[in-house]
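Participant: Can you read through this structure? Questions will come right after.
No value in this document is a laboratory result; all are computed from the given coordinates. Keep in mind that this is a model prediction, so the values were computed, not measured. Positions of Cβ are generated from backbone atoms using ideal geometry, with glycine treated the same way; all protein chains shown enter the neighbour counts.
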Amino acid sequence: NKYFYSKDCFIIFKIIFINKIKNLFFAIRPNQWTKNLLVFLAPLFAFSFEKKTWLDSVQAFIAFCLISSAIYLINDSIDKDKDKKHPTKKFRVIASGLVSVRSAIKLSLLLLSISFFIGFNLNIIFGFILVSYFSIQILYCFKLKHLPIIEFFCVASGFIMRSIAGGVASGIFISPWFVSSVGMLSLF
């Protein structure tokens with residue numbers, strides 16, 4: 001009986017652990033990572049197909065996925081009570097209580113640290129782009145999303161920063177035409 005009891009405890013622990021990992025994975029919103037594909041625009045439009053360029057762009061993509069997930073965790077933690085009352089947002093894992101705010105903040109800090117580590121190891125300018133992106137998005141989470149026109153520009157700036165960051169990470173010249181084109185598309 002002792003053997004079966006310990007085996008049952010192990011199975012229950014395993015199920016709880018797997019569910020917690022699964023819920024944390026959904027909390028970081030991996031479905032939103034497609035927005036970060038914009039880091040590949042500058043190398044693509046510069047027709048730069050060198051291995052180093054694309055490896056640097058992949059690192060930039062990973063850094064942006066991690067930092068955007070960190071921001072989603074913070075935003076969902078801030079909006080937990082409001083999201084509980086929303087017809088669809090109430091199913092988000094933080095709003096529904098499947099992931100605690102404490103766990104979300106801890107994971108957010110971990111993702112943020114890894115993102116900054118990757119960013120500053122890539123190059124200092126890319127690291128500062130990540131810091132700027134994070135600062136704007138945190139201001140957005142706490143205050144700017146409630147200001148109609150400002151909110152619009154915050155969202156657009158995220159797309160612009162991603163596309164510029166891809167060029168900066170891989171050492172590609174970013175033309176003013178590229179920036180203005182991406183800027184106009186992001187405002188659209």
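Participant: Answer with one residue from 142, 156, 78: the one whose Cα lies farthest towards the positive end of the charge dipole of the chain, charges on Cβ with Lys, Arg +1 and Asp, Glu -1.
Facilitator: 78
Participant: With N set to the residue count of the stretch 62-108, report its C-alpha Rg divided by 2.2 N^0.38 Å to two decimal places. Provide the component values of the computation, followed by the final result.
Facilitator: Values: Rg = 10.7 Å, N = 47, 2.2 N^0.38 = 9.5 Å.
The value comes to 1.12.
Participant: Rank 158, 97, 119 by mean-square fluctuation in a GNM of the chain with C-alpha springs under 10 angstrom and give only the top-ranked residue.
Facilitator: 97
Participant: Shape verdict for the stretch 8-57, please, from the Cα gyration tensor: rounded (a/c under 1.5), prolate (a/b greater than b/c) or oblate.
Facilitator: The shape class here is prolate.
Participant: Which helices pass in the chain if a helix is a full DSSP H run, must span at least 30 angstrom along its long axis by Cα, and must have mean Kyte-Doolittle hydropathy not below 1.0?
Facilitator: Helix filter hits for the chain: 101-122, 148-169.
Participant: Of the candidates 153, 17, 134, which one comes out as most mobile in a Gaussian network treatment of the chain with C-alpha springs shorter than 10 Å?
Facilitator: Largest GNM mean-square fluctuation: 17.
Participant: Per residue and in cubic angstrom, what volume does the convex hull of the Cα atoms of the stretch 1-121 have?
Facilitator: That works out to 154 Å³ per residue.
Participant: Please state the relative contact order of the stretch 91-188 as a whole percent: Cα pairs under 8 Å, 6+ residues apart?
Facilitator: Normalised by residue count, the contact order of the stretch 91-188 is 20 percent.
Participant: Here's a follow-up. I want to check the label-to-label distance for residue 151 and residue 58. Put each point 7 Å from Cα in the C-beta direction and report it in nm to one decimal.
Facilitator: 3.8
Participant: Let me ask something else about it. Working out 0.36 nm times the residue gap between residue 139 and residue 96, then minus their Cα-Cα distance, what length gain in nm do you get to one decimal?
Facilitator: Taking residue 139 through residue 96 to full extension adds about 13.0 nm, to one decimal.
Participant: Separate question: Could you tally the net charge around residue 81, taking each other residue with its Cβ under 15 Å from the Cβ of residue 81, Lys/Arg +1 and Asp/Glu -1?
Facilitator: +4
Participant: Can you tell me the relative contact order of the stretch 73-142? Whole percent, Cα pairs under 8 Å, sequence separation 6 or more.
Facilitator: Relative contact order, the stretch 73-142: 29 percent.
Participant: Still on this structure, please answer the following. Given labels modelled 7 Å from the Cα in the Cβ direction, how far is it in nm from residue 20 to residue 177?
Facilitator: Rounded to a tenth, the inter-label distance reads 5.5 nm.
Participant: Separate question: Please work out, to two decimal places, the log10 of the ratio I(q)/I(0) at q = 0.12 Å⁻¹ from a Debye calculation in which every Cα of the stretch 85-188 carries one identical scatterer.
Facilitator: -0.55
Participant: Springs between alpha-carbon atoms under 10 Å, Gaussian network over the chain: tell me which of 30, 176, 43 tops the mean-square fluctuations.
Facilitator: Judging by the Gaussian network model, the answer is 176.
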